[in-house]
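In what follows, a single structure is set out as structure tokens and then discussed.
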Amino acid sequence: MQTTSLSQFNIPSPPPKTTILHRKTTSSRRLSPIFAMASTTAPPSRHQVTHSMPPEKIEIFKSLESWVSENILPLRKPVEKCWQPIEFLPDPSQGPDVFVEEVRALRQRVLGLSDEYLVMLVGNMLTEDALPTYQTFVNTFDGVRDETASSPCPWAIWTRAWSAEENRHGDLLRTYLYLSGRVDMLMVEKTLQYSIGAGSDVGAENNPYMGFVYTSFQERATFLTHGNMARLATKDGDPVLARICGTIAADEKRHENAYTRIIEKLLEVDPNTTKQAIASMMRKRITMPLHLMYDGQDPNLFEHFSAIFQKQDVYTSRHYAEILEFFIRRWELEKLEGLTEEARRAQDFVCQLPRKIRRLENRTKKLESRQVKFSWIFNKSLSV
């Protein structure tokens, strides 16, 4: 079996203390349960369904435009009150001496970060920086897309504002990594270009019911992930990076709240269709948005990143189950009444799923010992 390495990111560090584990995979059917349930790509052979929402349902979303104006658009943060990346970074406007000293201090702090942490930070940066993919994705939703790229429709206004806020995340993480000197930015940037070009296939079928289920789940997943990264950065002695990750997590939480409200409203006005959409996305699995990431070499790059997140307890099948349990409570899915037979079956499936995922988590821990080791190549020339 050919050994796969992520050494192309050329992450230098203090003398290596650990080795990182991975397993080579070729499809989701060969992945451990955590990968198959929580974070991997969809099976390559999945048939893509498009425009599955009946045309008459578009009127529901048209009728909700005033509701969006009153309940979703206020969740935008005015630009003048938003943080900007430069507030967390060495500021060249302070003069060359101060700037160089601040860069030197940053590089000293990141020496305390583990190799695994830096890999996860690269993964998060790539995910955040692939923003064109996500705005494209949302603009495939029938009934809510931005038809002109500057539409005054409330749905479109929200999408543009959400995208503008999210844009700062990748900018900040990428600049921090660049200044750290600990990653090969050329390979990172190539990987980003490859990955945006590959796109994303999360199975939403141009259907806003399914699409907003996905964005609700995804925003909460990124909220938890960035929050866990903040915790680890604090532990490893980089309080500035901890504040960066925590600040990004707060944005993700606010965005999660917006998409969660949308599903709450859809459950109110069209519970049967919404419940079936939730079950449909759960059956397909909520895959992470950059699941088709590629670096020009490794066809299983996303699975290898996912293995490290799992190993470091930053995003695991436990988190996946907790997110689903959160939404079952938040949307009161167990209490819905008056459903059609099909929607009741969907209700039963979704409400029982967390227990099944938790059972698989125990199997995952046993499978970890079978993974194959790979080593990082360190840049010995790093200086602070």
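The values are calculated or read from the model by the stated rules, or taken from the named source; none is laboratory data. All values reported here derive from a predicted model rather than from experimental measurement. Cβ sites come from the backbone with ideal geometry, for glycine too, and all protein chains shown count toward neighbours. Ligands, DNA and RNA are stripped out before the accessible areas are found, and what is left, the full protein with its side chains, is counted by its heavy atoms. Shrake-Rupley method; radii C 1.70, N 1.55, O 1.52, S 1.80 Å.
Using a probe of 1.4 Å, the accessible surface attributed to residue 327 totals some 10 Å² when neighbouring protein chains are kept in position.
Entry comment: accessible area of the range 231-311 is 32 Å² per residue, from protein heavy atoms only and a probe of 1.4 Å. Expressed as a whole percent, the accessible area of the range 69-315 that falls on carbon and sulfur atoms is 53 (1.4 Å probe).
What size of dipole, in debye to the nearest 20, comes out for the range 69-315 about its Cα centre when the only charges are +1 on Lys and Arg C-beta atoms and -1 on Asp and Glu C-beta atoms? Walk me through the numbers before you get to the answer.
Numbers: 25 positive and 34 negative charges, 103 e Å.
So the magnitude is around 500 debye.
Ordered by 1.4 Å accessible area with all protein chains kept, 140, 133 run largest first as 140, 133. For residue 72, no residue has an amide H sitting under 5 Å from its own, ignoring neighbours fewer than 5 places away on the same chain, with H placed 1.01 Å from N. The 3J(HN,Hα) values that the Karplus relation (6.51, -1.76, 1.60; θ = phi - 60°) gives for the range 90-100 are, in residue order, x, 9, x, 6, 7, x, x, 5, 5, 4, 4 Hz. Gly and Pro appear as x. Mind running the shape call on the range 173-228? Use the C-alpha gyration tensor, a ≥ b ≥ c as the square roots of the eigenvalues: rounded below 1.5 for a/c, prolate if a/b tops b/c, oblate otherwise. Oblate, since a/c reaches 1.5 and b/c is not below a/b. Ranking 280, 69 by solvent-accessible area of protein heavy atoms (1.4 Å probe, all protein chains present), from largest to smallest, gives 69, 280. Karplus-derived 3J(HN,Hα) values for the range 63-74, using 6.51 cos²θ - 1.76 cosθ + 1.60 with θ = phi - 60°, are 5, 8, 4, 5, 4, 4, 4, 8, 10, 10, 4, x Hz; glycine and proline are entered as x. A 1.4 Å probe over all protein chains sorts 225, 136 by accessible area into 136, 225, starting with the largest. Under 5 Å from the amide H of residue 206 lie the amide H atoms of 51, each residue being 5 or more positions distant or on a separate chain, with H modelled from the backbone and absent for Pro and chain starts.
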